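Contents: one structure, followed by commentary.
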Amino acid sequence: MSKKRAFTLVELLVVIAIIALLMSILMPALARVREQAKAVLCQSNLRQMGAAFDMYTSDNDGYFQQGWEGLPVDGCYGCEKPCSHWWIHTVRPYYGSPDVCLCPMAVKTGWEQDESYYWESGATFLAWSGHGWLGPAGEVYGSYGINGWVEHNQCPDESRRTGARRWRHSAVRGAGNIPLLLDAPWIDCWPMDDDEPAAYDDQLWQQGSHMARFMKDRHNGGIHAVFVDYSVRWIGLKGMYTLKWHREFDVIGTYTLASGATKALWRSKAEWMANLKDY
């Protein structure tokens, strides 16, 4: 009778080493597949949001929502009265569940925490939540922010110059280069062509720069956005300066290739972005 031969220790170690090697090769590939799946879902959400804005403007003679016009309570800025004209309220009947406002990469929330948690948290993968004048926390939430220049604001206190910058109507030339709704840790931003880039990726606010609010590396060096023509695409972080945020925005500004921006400039302002693709 033949004697059965068991695996030797060396053979077992070889098999384990091969399995470990295969896992080390497969895991990055699986991680990329997961990220790609989340990117596809993010773009799908934004297409739904684009369809919601399309229906809203169709029902309102082509005009966008009125936008933020909260008034201070007892002279206290930051204690505004509730405003029903923000996009999260006016467009809500057209998109239904607020879950469609969530990028699947934005997994960090401070909804169940006190307000200090929200303001101190890193912002790249942060979702915002309603509170006070935004609406009840847990009922109003998302991780996309609107380009604040796209709204039909009729506030009597608005300056003539500020009003001239707004994109009030959906039928405008170059709509495919006008951002509407983008990946962001807050509900709205008003970028200017002289805004400095985000000093680092994970910050929530940067004094004097609304552009920095959108500069979050959520999707492989960029973010996703739906534009005023309701198309959806990926935007490289440096490419944000080439978009027509408002009517007077200079798309050949300081931080564009067309103006001669160098990597040295980017290193001096936002080192973490220096090696990203230039535009």
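The values are calculated or read from the model by the stated rules, or taken from the named source; none is laboratory data. Since we're looking at a predicted model, the values are computed, not measured. So basically every Cβ, Gly included, is an ideal-geometry build from the backbone, and we count neighbours across all protein chains shown.
A quick yes/no check of all residues on (1) crowded, with 16+ Cβ neighbours inside 10 Å; (2) of a type outside the set (D, E, K, R); (3) part of a helix (DSSP H, G or I); (4) touching a strand residue (DSSP E or B) at 6+ places or on another chain (Cβ under 7 Å):
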{"position": "Gln203", "(1), (2), (3), (4)": "yes, yes, no, no"}
{"position": "Ile223", "(1), (2), (3), (4)": "yes, yes, no, yes"}
{"position": "Lys244", "(1), (2), (3), (4)": "yes, no, no, no"}
{"position": "Thr254", "(1), (2), (3), (4)": "yes, yes, no, no"}
{"position": "Ala261", "(1), (2), (3), (4)": "yes, yes, no, no"}
{"position": "Leu276", "(1), (2), (3), (4)": "yes, yes, no, yes"}
Count of region 206-221 residues which are under 20 Å from Ala274 (Cα atoms) and part of a loop (DSSP other than H, G, I, E, B): 10
Some residue of region 211-224 being closer than 18 Å to Ala175 by Cα and modelled with pLDDT of 95 or more: yes
Condition broken by Glu271, with the remaining ones in (1) assigned to a helix (DSSP H, G or I); (2) touching a residue at least 12 places away in the same chain (Cβ under 8 Å); (3) farther than 23 Å from Leu41 by Cβ satisfied: (2)
Residues (of a type in the set (Lys, Arg) and over 30 Å from Ser170 (Cβ atoms)) located in region 231-276: Lys263, Arg267, Lys269
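Can you tell me which residues in region 26-78 are more than 19 Å from Gly222 (Cβ to Cβ), at pLDDT 75 or above and part of a helix (DSSP H, G or I)?
Of all residues in region 26-78, those more than 19 Å from Gly222 (Cβ to Cβ) come to 26-30, 48, 51-78.
The next check asks that each one be at pLDDT 75 or above; those that pass are 48, 51-67.
Gln48, Ala51, Ala52, Phe53, Asp54, Met55, Tyr56, Thr57, Ser58, listed by residue number.
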Failed item in (1) at pLDDT 95 or above; (2) within 25 Å of Gln48 (Cα to Cα); (3) not acidic (Asp, Glu), with Lys238 passing the rest: (2)
